[in-house]
Amino acid sequence: MSVRTILAAGVVTALALFPSAAMHALGDLRRMFLGDRQYTSDRARITLIVPSPGSSGRSTALRVVYRMREVEYRQYWVAKIFRAEVISGPRIATAEEAKRQVATTRGAIALIPVSAVDRTVKVVVVNGRRPGQTGYDLR
């Protein structure tokens, strides 16, 4: 598997894997994960991959990225699909599945636990900060 880039979300919670960028603003990530931005700068369709319901990564994503509860999140995606604003909602995957999908799917972005970071991924800076630094947004 080739090296992939990651957006990290705190010491134990969630990271976003993104293969082609080293830095993102949290607002930019939010637009991607809300389906409001559907293409990368190189015109690849963005494929969203999120942790399963009940996981700490999912809780962090809902609180920090989506700013919703689980029920609101589900309603949001049902409505978005119903209005034909998106083709489909985010995929649900384990950290290992997410890393594989990001490695093989152009435009894929995934949230994974910080503990799943290994040499196959690189941490992406969010709003100028890395995981563990004061003020890091994804925790």
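Does Gly128 fit the bill of being surrounded by fewer than 15 Cβ atoms within 10 Å (Cβ to Cβ) and at pLDDT below 85? Here the answer is yes, as Gly128 does meet what is asked. Which of the residues spanning the range 31-58 are of a type in the set (Ser, Thr, Tyr) and loosely packed, with under 14 Cβ neighbours inside 10 Å? Scanning the range 31-58 gives Tyr39, Ser41, Ser52.
Of the residues making up the range 34-50, just one is over 23 Å from Ala95 (Cβ atoms) and touching a helix residue (DSSP H, G or I) at 6+ places or on another chain (Cβ under 6 Å), namely Arg37.
Pairing each residue of the range 87-99 that is closer than 18 Å to Arg31 by Cα with any residue that is in a helix (DSSP H, G or I) and among the aromatic types (Phe, Trp, Tyr), provided the two are 6+ apart or on different chains, yields C-beta distances under 8 Å for Gly89/Trp77; Pro90/Phe33; Pro90/Trp77. Any idea which residue in the range 66-91 is farthest from Gln38 (Cα to Cα), counting only those that are surrounded by 15 or more Cβ atoms within 10 Å (Cβ to Cβ) and among the aliphatic types (A, V, I, L, M)? So, considering only residues that are surrounded by 15 or more Cβ atoms within 10 Å (Cβ to Cβ) and among the aliphatic types (A, V, I, L, M), the one farthest from Gln38 (Cα to Cα) is Met68. Restricted to the range 92-103, and to residues there that are among the charged types (D, E, K, R) and either out of contact with any Ser or Thr (no Cβ under 9 Å at 6 or more places or on another chain) or surrounded by fewer than 15 Cβ atoms within 10 Å (Cβ to Cβ) (or both), the residue that is farthest from Thr40 (Cα to Cα) is Glu96. Cβ-Cβ contacts under 7 Å between residues 6 or more apart (or on different chains), taken from a first residue in the range 68-86 that is touching a residue at least 12 places away in the same chain (Cβ under 8 Å) to a second residue that is hydroxyl-bearing (Ser, Thr, Tyr), are absent.
Here the condition is being at pLDDT below 85, within 16 Å of the chain's Cα centre (by Cα) and either among the basic types (Lys, Arg) or buried (at least 19 other Cβ atoms within 10 Å of the Cβ) (or both); of Arg63, Arg119, Arg106, it holds for Arg106 alone.
The values are calculated or read from the model by the stated rules, or taken from the named source; none is laboratory data. Here the structure is a predicted model, which means the values were calculated and not measured. When we count neighbours, we look across all protein chains shown, and the Cβ atoms used for this are built from the backbone with ideal geometry, even at glycine.
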